[in-house]
Amino acid sequence: MKLSKPPKGRAFPLQLLLVLPFLLQIFGTVGLVGFLSFKNGQKAVNDLADRLIDRTGRAVDQHLDNYLAIPHKVIQMNADAVKMGLLDVRDREEVGRYFWHQMQIYDLTYIGMGLTTGEGVGAGRYDGKTLTIDDWSAQTSNNWSAYATDNQGNRTELLETLEWSNFSESWYLEPINAGKALWSRFYTINYPGYPYIAASAGRPIYDAQNRLLGMVSADIHLLRLSEFLRELDVSATGKVFILDRDGLLIASSSEQEPFVVRNGEIQRINGIDSPDPVVKSVTQSLQKQLTSFRNINDHQELHVEDAQGESYYVQVTPWQDKYGLDWIVVVTVPESAFMAQINANTRTSILLCIAALAIASVVGILTARWITRPIHRLNAASEAMASGDLEQTVEESGIQELNRLARSFNYMAGQLRETFAALAKSNEDLEDRVDQRTAELKQAMTELQRTQAQVIQSEKMSSLGQLVAGVAHEINNPVNFIHGNLVHIEEYTQDLLGFVSLYQDHYPNPEAEIQEEAEAIDLEFMQADLPKMLSSMKMGTDRIRQIVLSLRNFSRMDEAEIKPVDIHEGIDSTLMILQHRLKARPERPEVQVVKEYGNLPLVECYAGQLNQVFMNILTNAIDALEESNASRSYQDVQSHPNRITVRTRLRDDQWVEIAIADNGPGIPREIQQRIFNPFFTTKPIGKGTGMGMSISYQIVTEKHHGRLDCFSMPDQGTEFIIQIPVRQAAALMN
């Protein structure tokens with residue numbers, strides 16, 4: 001008799017009542033102190049981050065004001081020198097030397113002059129180190145020359161020449177057309193090992209009579225701005241980058257450059273496409289919050305998060321000069337850079353709280369355990385006995401009341417053990433006999449079901465083979481009679497038609513009665529159609545003979561024993577029988593059958609049983625294709641047609657391999673291991689017994705001493721591979 005446990009009420013453990021109040025007091029005190037410490041530290045961090053970002057932003061603004069003012073100061077000075085006559089624009093050699101000396105003084109990459117005559121001269125440092133002088137004339141070909149220089153600015157050797165025209169260059173045309181100083185659009189040159197991305201400051205130059213002579217320009221390398229940004233203190237933890245109003249990068253403190261080289265050309269990249277994840281995520285967040293960079297007209301401070309949940313302090317400041325530059329300076333610092341110490345302190349507070357809780361818990365638990373230990377021992381023993389473990393005794397403690405209860409419990413446990421021992425012995429004997437008889441019945445039932453299914457399947461195939469062979473034999477005789485007589489009928493018909501044609505040639509104008517009869521029977525159409533009709537009848541009888549031959553080959557009633565057969569003939573016969581399921585239907589195109597036959601010898605096998613294996617596998621393949629077609633349109637099936645591939649080959653001169661594959665939905669991996677089990681099927685009730693593949697496996701492995709394997713991937717189709725020996729006697733010896 002099994003006793004049910006009494007229902008549980010709303011009671012609390014004694015240990016919990018002793019320990020919980022102390023734990024709550026300690027946890028509340030430590031948690032409150034830690035929370036206040038965290039909030040004060042976070043406020044201090046926010047103030048520190050604001051000051052650091054403001055200082056960095058002012059440093060960037062100041063550097064841009066100073067650095068980008070240099071080109072305009074230089075070209076203003078050169079324009080004044082030309083107007084006052086101190087610099088003769090016609091003496092290009094002297095002007096080039098003058099520009100060369102200016103390059104020694106100022107942090108520029110190029111100083112040049114283009115004249116309205118098409119001439120010009122300039123000094124440049126394209127690779128960042130070597131100073132050269134460029135000189136070009138007004139000619140139309142090879143008019144531009146680059147010269148190396150010595151330490152005095154004199155030209156030493158000609159480096160290269162090329163064709164040049166002032167009138168097709170933006171750095172020349174834009175200041176001339178505007179009639180004032182400005183920044184022309186950026187231009188890039190992909191020098192080997194030193195990409196050149198320049199901002200060019202230009203202005204028109206005039207003589208003393210205020211006549212336009214051309215323009216002067218000075219370039220700065222934008223990568224120098226990136227070098228400056230990388231040297232800022234904030235770049236160790238944060239990022240500083242500059243965008244134009246279209247979102248394209250001007251400079252960045254990251255190690256990745258603000259440009260890419262595609263097909264040999266330098267292309268600036270958008271901030272949202274930057275390879276630096278911080279620059280990319282911050283730019284994306286700014287674009288979402290501000291809608292457009294053109295809407296930024298004043299200083300803004302934001303707090304954004306990237307896709308990974310990292311928080312950033314961000315300052316956005318517009319920067320402009322009077323010559324047309326309109327940029328946006330973005331300074332961003334990750335919150336984690338400042339919160340690291342705060343988080344460490346928070347973790348310390350949490351650890352202290354946990355330590356205090358642990359100590360209080362240990363003290364409370366030790367106290368409660370000393371009080372409740374005897375009760376727990378008695379309770380545990382009672383629960384163990386209720387669960388069936390009667391080998392229980394309770395030790396006595398220092399409490400008198402509990403000692404009396406323990407002695408009573410131990411006496412009761414002894415009595416129960418003796419009673420249950422006798423019952424257990426009788427029960428074990430009975431269970432052993434029942435288990436033995438159940439196992440025997442289960443094994444006998446399984447063998448009976450398997451044998452019954454095999455016998456039924458064998459009888460079905462035997463009856464089917466006899467029926468097919470009988471029908472094929474009965475059909476074959478009349479068909480052969482018809483087919484044989486069609487040859488003579490065709491010969492007689494040709495003779496009669498030839499005779500009629502000869503008659504018409506000699507008597508083109510027959511009697512009226514003959515003419516009327518010829519028109520009534522449509523003699524002309526009969527002469528043309530009768531040979532075609534005989535040809536169609538002959539084709540039909542050939543088709544019937546092929547089908548009969550396939551049925552006879554498939555049934556193999558005359559080959560019940562092992563004998564050498566042509567494997568390809570059995571496969572072709574099976575495909576012929578299944579042709580009605582392979583041909584096109586209104587709901588789908590025909591199933592394509594691809595035959596990749598190798599050169600096989602005659603194979604010793606049970607031909608009829610092996611044909612049964614081919615039939616089972618091909619039928620399952622067609623069923624799988626039709627199941628997948630149920631969810632596909634006609635056009636989808638037509639563009640990705642159903643296909644069954646049959647391959648054969650000879651392995652090691654002793655084994656034949658037949659592979660049958662389809663491009664259906666495939667078989668899940670967990671089902672592949674069970675498809676050869678008896679009575680296992682995935683088809684609906686009434687459409688499969690689960691014995692086809694099991695019997696096929698037995699035919700291949702037991703009857704032919706071979707192998708049958710299944711390989712399948714979801715949505716990639718299924719392939720069955722049959723391997724049987726060419727000679728059964730050799731297989732038995734091995």
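Could you tell me which residue of the range 74-101 is most open to solvent (accessible area, probe 1.4 Å), considering only residues that are under 18 Å from Ile176 (Cα atoms) and touching a Phe, Trp or Tyr at 6+ places or on another chain (Cβ under 9 Å)?
Here the residue is Lys83.
Which pairs do you get when a residue that is at pLDDT below 70, found in the range 525-542, comes within reach of a residue that is open to solvent by less than 50 Å² (accessible area, probe 1.4 Å), reach meaning Cβ atoms under 7 angstrom, with the pair 6+ apart or on two chains?
That search, which allows pairs on different chains as well, returns Lys538/Leu486; Thr541/Val479; Thr541/His483; Thr541/Leu486.
Within the range 690-711, does at least one residue satisfy the condition of being out of contact with any strand residue (DSSP E or B) (no Cβ under 7 Å at 6 or more places or on another chain), open to solvent by 90 Å² or more (accessible area, probe 1.4 Å), in a helix (DSSP H, G or I) and modelled with pLDDT under 75?
The answer is no, given that none of the residues of the range 690-711 is out of contact with any strand residue (DSSP E or B) (no Cβ under 7 Å at 6 or more places or on another chain), open to solvent by 90 Å² or more (accessible area, probe 1.4 Å), in a helix (DSSP H, G or I) and modelled with pLDDT under 75.
Would you pick out the residues in the range 291-345 that are β-branched (Val, Ile, Thr), at pLDDT below 80 and under 39 Å from the mean Cα position of the chain (by Cα)?
Thr291, Val304, listed by residue number.
Starting from residues that are surrounded by fewer than 19 Cβ atoms within 10 Å (Cβ to Cβ) and of a type outside the set (Val, Ile, Thr), keep the ones in the range 105-116 and report whichever is nearest to the chain's Cα centre (by Cα).
Going through the qualifying residues, I end up with Asp107.
Identify the residue in the range 612-655 that is surrounded by fewer than 19 Cβ atoms within 10 Å (Cβ to Cβ) and aliphatic (A, V, I, L, M) and, among all such residues, is modelled with the lowest pLDDT.
Of everything passing the filter in the range 612-655, Ala630 is modelled with the lowest pLDDT.
Quick grid of which residues meet (1) among the acidic types (Asp, Glu); (2) within 20 Å of Thr188 (Cβ to Cβ); (3) outside any strand (DSSP E or B):
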| site | (1), (2), (3) |
| --- | --- |
| Asp134 | yes, yes, no |
| Asn142 | no, no, yes |
| Tyr147 | no, no, no |
| Gly153 | no, no, yes |
| Leu159 | no, no, no |
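Show me the strands (runs of 3 or more DSSP E) found entirely inside the range 225-328 where at least 3 residues are of a type in the set (Phe, Trp, Tyr) and buried (at least 16 other Cβ atoms within 10 Å of the Cβ).
Fully inside the range 225-328 and qualifying: 311-320.
Yes/no matrix, rows are residues, columns are (1) open to solvent by less than 50 Å² (accessible area, probe 1.4 Å); (2) under 56 Å from the mean Cα position of the chain (by Cα); (3) without any contact (Cβ under 8 Å) to a residue 12 or more places away in the chain:
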{"position": "Met103", "(1), (2), (3)": "yes, yes, no"}
{"position": "Gly118", "(1), (2), (3)": "yes, no, no"}
{"position": "Gly122", "(1), (2), (3)": "yes, yes, no"}
{"position": "Lys129", "(1), (2), (3)": "no, yes, yes"}
{"position": "Leu159", "(1), (2), (3)": "no, yes, no"}
{"position": "Trp171", "(1), (2), (3)": "yes, yes, no"}
{"position": "Glu174", "(1), (2), (3)": "yes, yes, no"}
{"position": "Ile189", "(1), (2), (3)": "no, yes, no"}
{"position": "Pro195", "(1), (2), (3)": "yes, yes, no"}
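Being within 20 Å of Ala138 (Cα to Cα) and among the β-branched types (Val, Ile, Thr), is that true of even one residue in the range 165-186?
Looking through the range 165-186, at least one residue is within 20 Å of Ala138 (Cα to Cα) and among the β-branched types (Val, Ile, Thr).
Please give the number of the condition Asp61 fails out of (1) crowded, with 16+ Cβ neighbours inside 10 Å; (2) in contact with a strand residue (DSSP E or B) (Cβ under 7 Å, 6 or more places away or on another chain); (3) modelled with pLDDT of 65 or more.
Here Asp61 clears every test but (1).
Among the numbered conditions (1) closer than 27 Å to Pro192 by Cβ; (2) touching a helix residue (DSSP H, G or I) at 6+ places or on another chain (Cβ under 9 Å); (3) aliphatic (A, V, I, L, M), tell me where Ala148 comes up short.
(2)
Here are some conditions: (1) open to solvent by 50 Å² or more (accessible area, probe 1.4 Å); (2) under 39 Å from the mean Cα position of the chain (by Cα). Asp566 meets all but one. Which one does it not meet?
Answer for Asp566: the failing condition is (2).
Say whether the condition of being touching a Cys at 6+ places or on another chain (Cβ under 9 Å), more than 21 Å from Ile724 (Cα to Cα) and without any contact (Cβ under 8 Å) to a residue 60 or more places away in the chain is met by at least one residue in the range 650-669.
Yes, there is a match, as at least one residue in the range 650-669 is touching a Cys at 6+ places or on another chain (Cβ under 9 Å), more than 21 Å from Ile724 (Cα to Cα) and without any contact (Cβ under 8 Å) to a residue 60 or more places away in the chain.
Is it true that Phe676 is modelled with pLDDT under 90, touching a helix residue (DSSP H, G or I) at 6+ places or on another chain (Cβ under 8 Å), among the aromatic types (Phe, Trp, Tyr) and open to solvent by less than 70 Å² (accessible area, probe 1.4 Å)?
yes
State which residue is least open to solvent (accessible area, probe 1.4 Å) when the search covers only the range 656-673 and only residues that are farther than 30 Å from Gln638 by Cα and not in a strand (DSSP E or B).
Glu670
Return the total of residues in the range 166-207 being part of a loop (DSSP other than H, G, I, E, B) and either in contact with a helix residue (DSSP H, G or I) (Cβ under 6 Å, 6 or more places away or on another chain) or modelled with pLDDT of 90 or more (or both).
Going through the range 166-207 one residue at a time, the tally reaches 6.
Report every pair of residues separated by at least 6 positions or lying on different chains whose Cβ atoms are under 9 Å apart, first residue within the range 404-430 and farther than 12 Å from Glu391 by Cα, second acidic (Asp, Glu).
Ala406/Glu395; Ala406/Glu396; Arg407/Glu396
Is there a residue in the range 585-603 that is at pLDDT below 90, closer than 22 Å to Gly692 by Cα and crowded, with 17+ Cβ neighbours inside 10 Å?
Scanning the range 585-603 turns up no residue that is at pLDDT below 90, closer than 22 Å to Gly692 by Cα and crowded, with 17+ Cβ neighbours inside 10 Å.
The values are calculated or read from the model by the stated rules, or taken from the named source; none is laboratory data. Quick caveat: nothing in here was measured; it's all calculated off a predicted structure. For neighbour counting, all protein chains shown are included, and Cβ atoms are generated from backbone atoms with ideal geometry for every residue, glycine included. Heads up: the accessible areas ignore ligands, DNA and RNA and are worked out on the full protein's heavy atoms, side chains in. Shrake-Rupley method; radii C 1.70, N 1.55, O 1.52, S 1.80 Å.
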